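Notes follow the structure.
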Amino acid sequence: MLVAKKSDGKRLSLGERYEKSDLIEIRSREKFYCPGCDEEVVMKLGNKKIWHFSHLAGRSCQYEYERESDYHLTGKLKLYNWLKEQGIIAELEQFDPKMNQKPDIAFELQNQKYAIEFQCSAIPSEIFEKRTRTYFDHGVIPIWVAAESLIKRKSNNIVSINNFLYLFIRRSRYSWNIPAFCPITGQFINLHGAIPITSKKTLTKIEVQSINQYSLAEFLSPADKPFSFLKAWQSENQKMKSRYLTSPGAWQNPFLKELYRNHLSLLTIPSEIGLPVRSSPYIETPSMIWQTYLYLDVFRHYQIGDIIYYSRIREAFYKRIRRKEIKLRILPAAREKDHWHALAEYVFLLTRVSYLEKIDSGKVKVLRKIIISNSIDDQIKSEADFFTKYEKEIIESIFP
């Protein structure tokens, strides 16, 4: 930690500029205590690690969720100084007794309170969710900043985002954002947009900016950054299908077994199934799978001109959730929306590609049949035609 209390209760922050000789003199006559648990801590002024306070050997603190590395301490300090350089009055490690939490950095801007948490390693999702919920409940907007080391890049626009990193995701106006920071290079790394392909592999736009170029306004309200994704989406979905079919024990995969029982092949799944929608990060199960379940449970049972009630679609979706065949994500930092939006967006997209017609807010009408191709070659041609015809509508499902 970078802040401790002195015997008189006043704070001493190593985030401020001190000469080492002055700190040595203060240390010689003072005792220091953790602002959270009130246990005694020691000031460490080594030459290799950043100056910090540490609990006595063998002691633990309920407010420390991870062992703070030099990387972590440096990151907090650089983010704190970045705010100060922009004229922000910020507090470093200010313990809040009302919330019973100690944000890495707290500040207020235009009557809105913010808390920045720079997270370098995984903590239990329950703790992450509880801390985030507590901030919101007290009128504080939390911004979780991931260490750059948590981001696993696969290619230019593809990142492996595990369930822990998805906890950081927040919504801008129409898109998604995960902010990250590297204290070594002094760079912000923003993941703009999130279009999941598998439970981890995600299409996103990676933007890297120097801390000196990055504004607080961008940090607080990241702009939507549309990017070309459709060709990569198609290519990665084909790869996913191949991996499913060639993976060891594929014959035991419940999803593939259900396809087989229904005389369907993964390689000839119709183009209307497995489409990207904006709120899909709320669903851990890949779009290809949860949308196939909707086809099996709902759409294939209706003919042209039939009316489908949205409640029927919701119930089929929820039944698969109860059976744990569709898994959801909790996205505490996004807060305001949930997986039902992904379902509604998919139904709306099916109206945009002329399969359904919206009658009112509660029901749709079937306009045409979903055609199952007789061969892989037929499906490849059909899919190419479909994406060419409805390219605009599919892109607008992500970036309106």
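Report the local net charge at G139: Lys and Arg +1, Asp and Glu -1, summed over other residues whose C-beta lies under 11 Å from its C-beta.
Details: positive: K98, K113; negative: E108, D137.
With Lys, Arg at +1 and Asp, Glu at -1, the neighbours total 0.
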Loop-resident GluC sites (Glu not before Pro) in segment 327-369 with no more than 13 other Cβ atoms inside 10 Å, DSSP not H/G/I/E/B, are E336
Rounded to the nearest 10, the angle in degrees between the Cα long axis of helix 376-389 and the longest principal axis of the Cα atoms of the chain comes to 70 degrees
The distance between the Cα centres of segment 325-367 and segment 386-400, in whole Å, is 16 Å
Reported to the nearest 10 Å², M99 has, with a 1.4 Å probe, an accessible area equal to 20 Å²
Taking the chain and counting helices only, DSSP H stretches of n ≥ 4 at -39,500 (n - 2.57) each over all residues, the nearest-500 ellipticity at 222 nm comes to -10000 deg cm²/dmol
For K239, counting only lysines whose alpha-carbon sits under 16 Å away and dropping same-chain residues fewer than eight positions off, the answer is K154, K200, K201, K231
A chain fully extended from R133 to S172 at 0.36 nm per residue, minus the present Cα-Cα distance, gains in nm 12.2 nm
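Which value, in debye to the nearest 20, describes the size of the charge dipole of segment 89-136 about its Cα centre when Lys and Arg Cβ atoms bear +1, Asp and Glu Cβ atoms bear -1, and nothing else is charged? Let's see the in-between values first.
Details: 6 positive and 8 negative charges, 36 e Å.
For this selection, approximately 180 debye.
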Output row, site Q209, 7 Å Cα→C-beta label point, backbone N cut-off 17 Å, window segment 217-251, residues 217-227
With 0.36 nm assigned to each residue of separation and the Cα-Cα distance removed, K257 to N374 gains 40.2 nm
Counting Lys and Arg as +1 and Asp and Glu as -1 over every other residue whose Cβ sits under 11 Å from the Cβ of Y80, the net charge comes to -2
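Find how much the distance from A384 to K358 grows on full extension, using 0.36 nm per residue of separation minus their present alpha carbon separation; answer in nm with one decimal. Intermediate values should be presented prior to the final figure.
Values: separation 26, 0.36 × 26 = 9.36 nm, distance 2.59 nm.
That pair, A384 and K358, stretches by 6.8 nm at full extension.
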Reduced to Cα centres, the span from segment 221-239 to segment 298-324 in Å works out to 28 Å
Per residue, accessible area of the chain with a 1.4 Å probe, heavy atoms of protein chains only, in Å², comes to 49 Å²
For segment 343-400, whose charge dipole is built from +1 on Lys and Arg Cβ atoms and -1 on Asp and Glu Cβ atoms, the candidate among I395, N374, S354 with its Cα farthest towards the positive end is S354
Ignoring ligands and nucleic acids, I380 exposes an accessible area, probe 1.4 Å, in Å² to the nearest 10, of 100 Å²
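Where does the charge balance sit around E207 when Lys and Arg score +1, Asp and Glu -1, over other residues with C-beta under 10 Å from its C-beta? Working shown, then result.
On the way: positive: K205, K225; negative: E218.
Result for the neighbourhood of E207: +1.
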A correct Karplus calculation of ³J(HN,Hα) over segment 24-32, with 6.51 cos²θ - 1.76 cosθ + 1.60, θ = phi - 60°, whole Hz and x for Gly and Pro, returns 4, 5, 5, 4, 5, 10, 10, 10, 10
In whole angstrom, the spacing between the Cα centers of segment 79-107 and segment 116-177 equals 18 Å
Between the modelled labels at K44 and I321 (7 Å from Cα along Cα→Cβ) the distance in nm is 4.5 nm
Of every hundred units of 1.4 Å-probe accessible area on the chain, the number belonging to carbon and sulfur atoms, as a percent, is 49 percent
Rounded to the nearest 10, the angle in degrees between the Cα long axis of helix 339-352 and the longest principal axis of the Cα atoms of the chain comes to 40 degrees
Output row, site I26, 7 Å Cα→C-beta label point, backbone N cut-off 14 Å, window segment 76-109, residues 92
Links exceeding 26 Å between C-alpha atoms in this model, out of K152/K327; K49/K130; K319/K358, come to K49/K130
In whole µm²/s, the translational diffusion coefficient that Stokes-Einstein assigns to the chain, given a Kirkwood hydrodynamic radius over C-alpha pairs, 37 °C and 0.692 mPa s, equals 138 µm²/s
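The values are calculated or read from the model by the stated rules, or taken from the named source; none is laboratory data. Since we're looking at a predicted model, the values are computed, not measured. Positions of Cβ are generated from backbone atoms using ideal geometry, with glycine treated the same way; all protein chains shown enter the neighbour counts. What goes into the accessible areas is simple: the full protein's heavy atoms, side chains included, and nothing from ligands, DNA or RNA. Shrake-Rupley method; radii C 1.70, N 1.55, O 1.52, S 1.80 Å.
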